[in-house]
Amino acid sequence: MSEVEGSVQGHRDGHGFVTRADRSLADIYLSPQEMRSVLHRDRVRARIVRYDRKGRPEGHVLEIVERRKAPLIGRLLH
C-alpha cells in the first residue's frame, strides 16, 4: 500500500487522523492502538493498510518524523 506523510490530529475518544499537506486527499484514520505511540501535532510517516466499508483509508504509523515541541501538561490523581 502507499505511504504518506502528515500531521497527527488526535480525538478525545482515543483515535486520530493523519492530515496530509494537500487537503485534496482524505485523512487517514488511526486506531486508538496506533495513537499510543504518537501525540497530537506530531509529524509522521504512515502506511495505508486497508480501506473501510465506505472506502476511507486506515493507517499504521511507520515513523515519527518530528515530535511536537510544546510541553505536555496534565494532572495525575492517585
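Every number in this text was worked out from the coordinates using simple rules, so none of it is lab data. Bear in mind that the values here come from a model prediction, so they are computed numbers and not experimental data. Reconstructed Cβ throughout: ideal geometry from the backbone, glycine too, with neighbour counts over all protein chains shown.
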**Q.** Ratio of the Cα radius of gyration of the chain to 2.2 N^0.38 Å, where N counts its residues
**A.** 1.14
Q: Give the calculated FRET efficiency between Glu5 and Ile73 to the nearest 0.05, with a Förster radius of 25 Å applied to their Cβ-Cβ distance.
A: 0.35
Q: May I ask you to order 9-18, 39-48, 61-70 by the average number of other C-beta atoms within 10 Å around their residues, highest value first?
A: 39-48, 9-18, 61-70
**Q.** the chain, relative contact order [Cα under 8 Å, separation at least 6], %
**A.** 28
Q: Place +1 on the Cβ of every Lys and Arg and -1 on the Cβ of every Asp and Glu in the chain, take the dipole about the Cα centre, and give the residue among His40, Tyr51, His78 whose Cα lies farthest towards its positive end.
A: His78
